[in-house]
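Encoded as structure tokens, the structure appears first; notes follow it.
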Amino acid sequence: MSFDWKNKNVLVTGAGGFIGSHLVEALLSRGARVRAFVRYNSRNDTGLLSLLDPALLSTLEIFPGDLRDLTTVRTVAQGCDTIFHLGALIAIPYSYDHPAEVVETNVMGTLNVLQAARDAQVRRLVHTSSSEVYGTARRVPIDEDHPLQGQSPYSASKIGADKLVESFYCTYQLPAVTLRPFNTYGPRQSSRAVIPTIMVQALTRDDLRLGNLDASRDFTFVTDTVAGFLKIAETPGLEGQTINLGTGQAITIGDLAHKVIAMVGRPVRIVQDEVRLRPEKSEVQRLLSDNHKALERMGWSPLVSLDDGLSQTLKWMKSHLALYSSNRYIK
């Protein structure tokens, strides 16, 4: 019997972000009553939620705040059946410059969500991890038992958050699960990420400036990632588990850039930009997922191929170029 989201009270932290906005959209379309927790700013900016259909937006409860404020997180979590915790500072270069802020938000913010979820007695808490916690692959494909390696302040903060979730399951029997997506991409993603960076430059410049061209990544289209979030929330018996989401295929950044350039259909020269390189020991050289657990435990597998996903993303980017800058490196 399929899970029915209709009239379920659901909290999504990080709702104004890339994956968060797509997840909110999917939940609303299924009839859930969604509370969107977004980071407060004086512009009353709700992030990418502003791009949703106004009819859907009208049914959404938006709560501005800060994950580091336990009182606010507890208030917004009350009465919720499910919490999807996506809120985090996710930019790796930003974590080099602001490690304290990243740790406070990602670790203490997660602790606050865990305490709020326990108080609210939620049915399921879905915590969002990152494939970056694995660091450079020691073996491939990377399964959930691969060693965790903190090669950046960001990845270390996510390891800390993941372990807090584990501890709340073991100590308090909190019905929490951890989803570990590999590199998600698609419409609405910011140019902080590599695929929008490549596309914006390929569409508007004669030279495409990138960092490490030899690093390889496992890219998952955003609709597949959102389907994974829904599956892990819907499937019984997963409490305490960590599950990878990825395609099981990887491509180097250099090959990815050539693929996008061919799709754009204009000559573009690829240039390696020293400013975009990570410190040598911080670079994660290879990420390739083992997604068998996702298939076996919750019936998830990716449906969108890289070529189809890139085509959909490029089409969206072309019609939203005004949202992007091609001349500035965004950390």
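Taken together, the values in this text are just the output of simple stated rules run on the coordinates, not laboratory data. Since the model is a prediction, treat every value here as computed from it, not as a measurement. Because the Cβ atoms are built from the backbone with ideal geometry, glycine has one as well, and the counts that use them run over all protein chains shown.
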Consider all pairwise Cα distances in the stretch 57-152 and report the whole-number % of them above 16 Å. 64 percent
Each residue of the stretch 42-50 in turn: what ³J(HN,Hα) in whole Hz from Karplus with 6.51, -1.76, 1.60 and θ = phi - 60°, glycine and Pro shown as x? 5, 8, 6, 7, 9, x, 6, 4, 5
So, with +1 on the Cβ of K and R and -1 on the Cβ of D and E, and no other charges, what is the size of the charge dipole of the stretch 257-327 about its Cα centre, to the nearest 20 debye? 160 debye
Which pairs, out of LYS158/LYS293; LYS8/LYS318; LYS231/LYS315; LYS231/LYS281, put more than 30 Å between their alpha-carbon atoms? LYS8/LYS318; LYS231/LYS281
Working out 0.36 nm times the residue gap between SER29 and ASP119, then minus their Cα-Cα distance, what length gain in nm do you get to one decimal? 29.6 nm
In nm, give the distance between the simple-model label positions of SER325 and ASP45, each being 7 Å from the Cα along the Cα-to-Cβ direction. 1.1 nm
Just ARG33, ARG269, ARG123 to compare: in a GNM of the chain, with alpha carbon springs under 10 Å, which one fluctuates most? ARG269
With +1 at each Lys and Arg Cβ and -1 at each Asp and Glu Cβ, the charge dipole magnitude of the chain around its Cα centre, to the nearest 20 debye, comes out at 440 debye
Distance from the stretch 107-122 to the stretch 262-303 (C-alpha centre basis), Å: 31 Å
For the chain, built as a Gaussian network whose Cα springs stay under 10 Å, the top-fluctuating residue of ALA55, ALA193, ALA100: ALA55
Calculate the radius of gyration of the Cα atoms of the stretch 190-282 to one decimal place, then report Dmax, the largest Cα-Cα distance, as a whole number, both in Å. 16.7, 52
Just to be sure I understand the model, the point goes 7 Å from the Cα along the line to the Cβ. What's the resulting TYR96 to ASP4 distance in nm? 5.2 nm
Stokes-Einstein diffusion coefficient of the stretch 110-205, Kirkwood radius over Cα pairs, 10 °C, 1.306 mPa s, in µm²/s: 103 µm²/s
Over the chain: helical MRE at 222 nm, DSSP H runs n ≥ 4 each giving -39500 (n - 2.57), nearest 500: -11000 deg cm²/dmol
So if I place +1 on the C-beta of Lys and Arg and -1 on the C-beta of Asp and Glu, and nothing else carries charge, what would the dipole magnitude of the stretch 154-306 be about its Cα centre? I want it in debye, nearest 20. 300 debye
Low-density loop cleavage sites - GluC sites (Glu not before Pro) in the stretch 218-292, where at most 14 other Cβ are within 10 Å (DSSP): GLU239
Under the 7 Å Cα-to-Cβ spin-label approximation, ARG205 and THR59 lie apart by a distance in nanometres of 4.2 nm
Would you mind classifying the stretch 143-198 by shape? Square roots of the alpha carbon gyration tensor eigenvalues, ordered a ≥ b ≥ c; an a/c under 1.5 is rounded, otherwise it is prolate if a/b is larger than b/c and oblate if not. prolate
Could you tally the net charge around TRP5, taking each other residue with its Cβ under 14 Å from the Cβ of TRP5, Lys/Arg +1 and Asp/Glu -1? +4
Whole-angstrom gap from the stretch 140-199 to the stretch 202-235, using each part's C-alpha centre: 14 Å
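Can you tell me what share of the DSSP beta bridges in the chain is antiparallel? A percent to the nearest 5 is fine.
Counting only bridges with both partners in the chain, antiparallel ones make up about 5 percent.
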